[in-house]
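Data block below; observations after.
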Ligand SMILES: Nc1ncnc2c1ncn2[C@@H]1O[C@H](COP(=O)(O)OP(=O)(O)O)[C@@H](O)[C@H]1O
Ligand SMILES: [Mg+2]
């Protein structure tokens, strides 16, 4: 799925990698261990193409999907915890918001005149929206978030809780290759044990969430 061949990377005269080789096959579970500053996050940057390697080749299987959890989360807007966890595509959250608005009795036809109750609900149903949401909530709970936090704007929660919501999204998405940069920093023992167990069974049966939005 991923091959690094003869990769070298230095910053100034600090050599992080010299002629490094790595192969990742489907089903592999690899832990990258090293002290602070060893180059773990840089390696992710090289694989993602965010940082150029000085030498060597990095080949990713063309169709393999990658999910990446950065060490630091990007700042957030007004999304709720469950919306972050359900953000499998940008369009999905928008559709979910419209379904919720209808269900709460506040449809937003003015903003979306093309929205009809049955149409929106049918599309949500077709892309397994209810299953995605249920799965997201189950994962959020496993990662130690409380149901009363699910609908809170993420900016009201701590950085660690937001990071758990992003981690939940990746587990909902189920990419072929999960790249997690220090994912356990913000997990307590109980959610750490849940997470380890979950990864042992990863990937679960794939849920199709193809959305066709007009
Ligand atoms: N863009 C950059 N420019 C210069 N030095 C960098 C850059 N990114 C990382 N480094 C340095 O490379 C080393 C490895 O960093 P990093 O990959 O973040 O380590 P780790 O994730 O293992 O803690 C550190 O010494 C860091 O200061
Ligand atoms: Mg790092």
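Rule-based calculations on the coordinates, nothing more; no lab input. Only a predicted model underlies this, so the values are computations on that prediction, with no experimental measurement involved. When we count neighbours, we look across all protein chains shown, and the Cβ atoms used for this are built from the backbone with ideal geometry, even at glycine.
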Revision key, fill the gap. Comparing 141, 165, 53 in a Gaussian network model of the chain (Cα, 10 Å), the one with the largest mean-square fluctuation is 53
Revision key, fill the gap. So for the range 126-195, using the alpha carbon gyration tensor with a ≥ b ≥ c as root eigenvalues (a/c under 1.5 gives rounded; past that, a/b versus b/c decides prolate or oblate), I'd call it oblate
Review point. What FRET efficiency, computed as 1/(1 + (r/R0)^6) with R0 = 41 Å and r the Cβ-Cβ distance, is obtained for residue 5 and residue 106, rounded to the nearest 0.05?
Key: 0.15
Review point. With a ≥ b ≥ c the root eigenvalues of the C-alpha gyration tensor of the range 27-133, is it rounded (a/c under 1.5), prolate (a/b larger than b/c) or oblate?
Key: prolate
Check your understanding: Angle between the Cα long axis of helix 129-142 and the longest principal axis of the chain, 0 to 90 degrees, nearest 10?
Key -> 60 degrees
Practice item. Taking only Cα atoms and a 10 Å spring cutoff, compute GNM fluctuations for the chain and point out the largest among 59, 25, 36. Key: 36
Check your understanding: Looking only at 170, 180, 116, which one moves most when the chain is put into a Gaussian network model with springs between Cα atoms under 10 Å?
Key -> 116
**Study point:** Kirkwood Rh and Cα Rg combined as Rg over Rh, evaluated for the range 81-200
**Key:** 1.02
Check your understanding: What length, rounded to one decimal in nm, is gained on full extension from residue 185 through to residue 22, with 0.36 nm per residue of separation minus their alpha-carbon distance?
Key -> 56.2 nm
Check your understanding: So in the chain, what percent of DSSP beta bridges are antiparallel if you round to the nearest 5?
Key -> 75 percent
Check your understanding: For the Cα atoms of the chain, what angle does the longest principal axis make with the long axis of helix 159-173, in degrees from 0 to 90, nearest 10?
Key -> 80 degrees
Practice item. Quick one: compute the contact order of the range 81-200, relative version, from alpha carbon pairs under 8 angstrom and 6+ residues apart, as a percent. Key: 35 percent
Check your understanding: Scaled to the compact-protein estimate 2.2 N^0.38 Å, what is the alpha-carbon radius of gyration of the chain, rounded to two decimal places?
Key -> 1.16
Study note, to complete from the structure: Taking Cα atoms only, helix 90-103 is inclined relative to the longest principal axis of the chain by an angle, in degrees rounded to 10, of 30 degrees
Point to revise | From the C-alpha gyration tensor of the range 2-64, square roots of 5λ in Å | key: 20, 14, 10
Practice item. Mind jotting down the distance between the C-alpha centroids of the range 9-50 and the range 128-177, whole Å? Key: 28 Å
